[in-house]
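Here the structure comes first, spelled out in structure tokens, and everything after it is commentary.
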Amino acid sequence: MKAVVTVVGKDKTGIISKVSTFLAEKGVNVLDISQTIMQEYFAMIMMVDLATANCELATLADECENLGKAIGMSIHVQHEAIFNAMHKI
């Protein structure tokens, strides 16, 4: 199963490292990543594979949200199908 991880907030050092390390510890494989900085704001979208994850999607989403709060970012995880359905015209 694939999911989309979004990370948004004020730019600071180590965001990609912290999020990637956290996902790796959960057994999540990062398939693709896009990130940009718009003025002082950081925005990142990751496509991830949960096939080898050591937790369920809902648990991962909750834990990512908590990580986001801890590092001052907004982190959301959505199943790929939901993300695609929300962004179809």
For this session: Given the conditions (1) open to solvent by 70 Å² or more (accessible area, probe 1.4 Å); (2) on the phi > 0 side of the Ramachandran plot, report the number of the one that GLY72 does not fulfil.
Result: (1)
For this session: Filter the stretch 52-66 down to the residues that are open to solvent by 30 Å² or more (accessible area, probe 1.4 Å) and in contact with a strand residue (DSSP E or B) (Cβ under 7 Å, 6 or more places away or on another chain), then identify the one that is farthest from ALA3 (Cα to Cα).
Result: GLU65
Exercise. Within the stretch 1-51, how many residues turn out to be in a strand (DSSP E or B), open to solvent by less than 70 Å² (accessible area, probe 1.4 Å) and touching a residue at least 24 places away in the same chain (Cβ under 8 Å)?
Worked result: 13
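The values are calculated or read from the model by the stated rules, or taken from the named source; none is laboratory data. In this text the structure is predicted, and so the values were computed from the model without any measurement. Here the Cβ is made from the backbone with ideal geometry for all residues, glycine too, and neighbour counts use every protein chain on show. Side chains are part of the model used for accessible areas, which takes the heavy atoms of the whole protein and leaves out ligands, DNA and RNA. Shrake-Rupley method; radii C 1.70, N 1.55, O 1.52, S 1.80 Å.
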